[in-house]
1. Which count do you get for residues in the range 360-377 that are in contact with a Phe, Trp or Tyr (Cβ under 8 Å, 6 or more places away or on another chain) and surrounded by fewer than 24 Cβ atoms within 10 Å (Cβ to Cβ)?
2. Name the helices (runs of 4 or more DSSP H) wholly within the range 321-430 that hold at least 3 residues that are polar (S, T, N, Q) and under 19 Å from the mean Cα position of the chain (by Cα)?
3. Give the range 256-285 a look and list any residue that's part of a loop (DSSP other than H, G, I, E, B), farther than 23 Å from Ser366 by Cα and not polar (S, T, N, Q), or say none.
4. Considering every residue within the range 476-484, establish whether at least one is modelled with pLDDT under 90, on the phi < 0 side of the Ramachandran plot and assigned to a helix (DSSP H, G or I).
5. Of all residues being closer than 23 Å to Phe130 by Cβ and at pLDDT 85 or above in the range 155-180, which is surrounded by the fewest Cβ atoms within 10 Å (Cβ to Cβ)? Just the residue, please.
6. Which condition from (1) surrounded by fewer than 18 Cβ atoms within 10 Å (Cβ to Cβ); (2) touching a residue at least 24 places away in the same chain (Cβ under 8 Å) is the one that Ser410 breaks?
7. Among (1) assigned to a helix (DSSP H, G or I); (2) touching a Leu at 6+ places or on another chain (Cβ under 7 Å), there is one condition Phe288 misses while meeting the rest; what is its number?
8. Determine whether the range 208-223 contains at least one residue that is in a helix (DSSP H, G or I), at pLDDT below 90, over 20 Å from Ala272 (Cα atoms) and not aromatic (Phe, Trp, Tyr).
Amino acid sequence: MASHPTNWQKSFWPKMLAFRLGPARATSIARASRHSSPQVRSRLRLLGSAPWHCSEDLATGSFVGLSLWSRKAKSRNRLSGKTRKTRLISRPAVEAADGEELTLDQLRVLLGVAVLLCGASGCFHTLPVFIDMKLAADPALPGLTAETLPWSATAIFAGWLVGSISLKQALETFSKAQFLAASSVLLCLSTLATVTLPHLTGGNIVVFSAVRFVTGLLFATGPVGNLYVQDCLPSSRRNQAMAFINTAYSIMAVLMATTCGMFQSWDWRVDAMLWCGLPPLLAFFIAFNKPFTLLSSIPSTLRSKGESSESSKSSESEFSMSPSIFKAALQLGVCFLACGVGSYGLSYSAGKLSENLYTNSVLLNSADILGYITVLGADFLGRKTFQTGSYVLAAFSLLLCGILEPGSWSIVACAMGGRICLNVAFTTIYVALAEVFPERSQKNVLPICQIAARLGGILAPLSGTLPAAVSCPAFGSACLAAALATVTMPDRLQEKQEAERQ
């Protein structure tokens, strides 16, 4: 049974509280104790009142302990007051340096470019995997058959190659924002041509391939969009921004494969307008603050560039690449080649892994999401180490596909593992483009890398006609070459370039 408080206990604790905290503070604690919940009163009682069963020795010990704690706290405040103030002042700056918050305009650019790249780099080159079967089965299009359509798909990547070659001249003429805005409008127009011209020409394969070639010319929006985002966002957000864009691309590809598989009765023109026409239209209004003003500035830019063409030719030698930059550009080009032939090749080889094309496509695109999330680990291990390891693991998984039985879940799992690693590398190589090379050299290096990636992409539709035991080991061999190129590539070239100029 708990003992009742003695008169000494009742008078000691209020005196101690007034002595240590002052009369005003003691009165406020007493009032708070009376009007608070039982849990709060029990905590306040530890400061200002002793439990009823507390003995006189425990009360005296608590008083001494509280006195010592108060003196120690005051001494600590005097000694570290300046340090704590400095820490409070510098903390927001540290947080801003480690992870800067994005403004509304930066978020709009990130979201708009992600939507644009989902349509331009995602749906346009993988949609033929799902709609070409409908085109071949359409009796109104006799010229589009299962034998001729793979060549029209190759025309997409051939146009992509030509667009990559002319990318340097385009970037020297237009700003990245002007280039992306114009590409968004032209992609919408090319989608309209894709869904109308085949029926107007009776399925002429030449006309259809020409439309796809022109569409491929506009695929340079992918690398330009990635660079545009990295220019607009803080450097600490580059890997995260690339992971977000590529994850959005993968989610769009999963939705496209799922929808095309569930609604195979849909007309192929509905699929084309939904997945290829809608994203560029949305991106045009999301990514840019004043899109029509941006478009109207393109003619004046062309006139000003035409007037200054002679002076630009005279200073062209100043922007030529040094031998070290050219060598590093070729090494990075090997990395782009491996990603192009491996990633796109697996998309077109989905029907060779097992019989269910749509299930394999969903699984591969789901693996893309995991790969683009995994790339965030590059912030901790370092981009070069992470990229090298990704290529090595991709090579191992894809070479293993050559000895596994086609149609089994084991070969699908290995293909998914290789796809995850390729997606990690596909993200880090764009970060390497911004980190390794000086800004003024990126306009020269980017076309080289894009040409290499498009050469690999041209082989992707053709690899879909080969057995998985042949195509997957070829993808793995390219990944081994990319791993060697990553190891020998320098980390940064700014200092070397300045030294060579001097």
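1. Total satisfying the criteria: 1.
2. Values: elements: 323-348, 350-353, 357-374, 378-381, 383-401.
Once the helices (runs of 4 or more DSSP H) in the range 321-430 are filtered for at least 3 residues that are polar (S, T, N, Q) and under 19 Å from the mean Cα position of the chain (by Cα), what remains is 357-374, 383-401.
3. We begin by selecting, within the range 256-285, every residue part of a loop (DSSP other than H, G, I, E, B); these are 263-267.
Next cut, farther than 23 Å from Ser366 by Cα only: 265-267.
Across the range 256-285, the qualifying residues are Trp266, Asp267.
4. No: zero hits.
5. Step one: list which residues in the range 155-180 are closer than 23 Å to Phe130 by Cβ, which gives 155-160.
After this cut, where a residue has to be at pLDDT 85 or above as well, the list is 155-156, 158-159.
On the way: Ala155: 23, Ile156: 27, Ala158: 19, Gly159: 23.
Among those residues, the one meeting the criterion is Ala158.
6. Of (1) surrounded by fewer than 18 Cβ atoms within 10 Å (Cβ to Cβ); (2) touching a residue at least 24 places away in the same chain (Cβ under 8 Å), only one is false for Ser410: (2).
7. That leaves (1) as the condition not met.
8. yes
The values are calculated or read from the model by the stated rules, or taken from the named source; none is laboratory data. Quick caveat, the model's predicted, so the values are computed rather than measured. Methodologically, a virtual Cβ is constructed for each residue, glycine included, from the backbone with ideal geometry; neighbour enumeration extends over all protein chains shown.
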